[in-house]
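What follows is a set of notes on a single structure, which appears directly below.
The values are calculated or read from the model by the stated rules, or taken from the named source; none is laboratory data. All of these numbers come straight from a predicted model, not from anything done at the bench. Note that each Cβ is placed from the backbone with ideal geometry, even for glycine, and that neighbours are counted across all protein chains shown. Keep in mind that these areas ignore ligands, DNA and RNA; they rest on the heavy atoms of the full protein, side chains included. Shrake-Rupley method; radii C 1.70, N 1.55, O 1.52, S 1.80 Å.
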Amino acid sequence: MLLLEEGGSPGVLAARVRMRERLRWGLLLLLSVFAYGSHAPLLTLCRVDGALPFSTSSVVLATELTKLGASAALLLSRDWHSLPPSAPPLSAVLPFALPAALYALNNNLAVHMQGWMDPVTFQVLGNLKIMATAVARCLILHQPLPARRWAALALLVVSGACHAGAVNRARGGPEEPVRLYITPLGAAAIALYCSISGLAATLTERALKSQPLPLSLQNLFLYSFGAIANLVAYLAGPPTAGFFQGFSPVVGVIIASQALNGLLMSAVMKHDSSITRLFVISCSMLVNAGLSVLLFQVRLTPLFFLAACLICFAIHLYYHVR
């Protein structure tokens, strides 16, 4: 009776704990969706005469440093007492070096590819990283997928193509058609980009799950290597007027939101999988479209609603969500 008076039976208490965990997990995923979806509209708000007034390598490096600082703060404030008694061995640190270098390579490759294909082609073909990630998980993590889940991922690829077509038609009218093109170098680059994306996500997931270390400490390893790799890319790039040249409050929001998103995605890959990350990215297209309507008066076309339906069906097919 006392147990019931204090809150219920053990089964009821366990159900409440599970409900709280589900709510926390749902909030984490929603935050990631909004962080991903707001990225492109925020970049558009920054443009001056159609061009970004800042160095993209500066923003990427600032984002990596922000993630590094946030990981250190979380480690010191929350996870300090759960650290191992001795320093982690190199075998716990080095697995994060390769994915960090791959992420830095892909960030710079994505910038250079814009001159080898139009933005719509980049968006459509870039969705092939969904299949590349699934293949990498099968080969590296030895986690084959049933046909039903392959079909769900294929639907995500198609939904991305529909979304890209919807945005293209909404922004361009019959008087200003967008020319679709891709060079041979662009075709090779997009294949490399998708392969690197799938490999980096899978290697990150394996590194995060390989040892029972606090996530904040593992993030510290990952973003230390990431900051070094992006610093090298920044120093090797074209000279700029200054690191903070062109920065604004909106750029600060971009850096903060992408840093938060990086931390959230680490939690997703450690406690779930890099496939869930792909569903987050696909769902973020809906946020992207909504913000584009509110901020830039973009018109939604039937292709957008088809993309939204395909995403919902893919989620149902992959996770059996009803």
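Laid out as a table, the results:
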{"quantity": "Phe34 - accessible surface, heavy atoms, 1.4 Å probe, Å² rounded to 10", "calculated": "120"}
{"quantity": "Linear extension gain, Thr301 paired with Ala87, 0.36 nm per residue minus alpha-carbon span", "calculated": "71.5 nm"}
{"quantity": "Sequence-distant lysines (8 or more away, or on other chains) whose Cα lies within less than 20 Å of Lys129", "calculated": "Lys270"}
{"quantity": "Surface/4 of the Cα convex hull for the chain, nm²", "calculated": "20.8"}
{"quantity": "Calculated FRET value between His320 and Leu139, using beta carbons and R₀ = 22 Å, to 0.05", "calculated": "0.30"}
{"quantity": "Whole-percent carbon and sulfur share, accessible surface of the chain, 1.4 Å", "calculated": "70"}
{"quantity": "Residue list for region 31-65, given a label point 7 angstrom along the Cα-to-Cβ vector of Ala241 and an amide N cut-off under 12 Å", "calculated": "53-55"}
{"quantity": "Separation of the Leu185 and Leu31 label points, Cα + 7 Å toward Cβ, nm", "calculated": "4.1"}
{"quantity": "Relative contact order (percent, whole number), the chain, Cα cutoff 8 Å, 6+ residue spacing", "calculated": "38"}
{"quantity": "Long-range Cα-Cα pairs in region 66-111 (distance over 17 Å), rounded percent", "calculated": "57"}
{"quantity": "Solvent-accessible surface ranking, highest first, for His39, His163 at 1.4 angstrom", "calculated": "His39, His163"}
{"quantity": "Column: log10 I(q)/I(0), Debye, Cα scatterers of region 1-146, q = 0.10, 0.17, 0.20 Å⁻¹", "calculated": "-0.66, -1.39, -1.49"}
{"quantity": "Listed residues Asp49, Asp118, Asp272 arranged by accessible area, highest first, probe 1.4 Å", "calculated": "Asp49, Asp272, Asp118"}
{"quantity": "Ratio Rg/Rh, restricted to region 192-322 and using Cα atoms, in which Rh is the Kirkwood radius", "calculated": "1.02"}
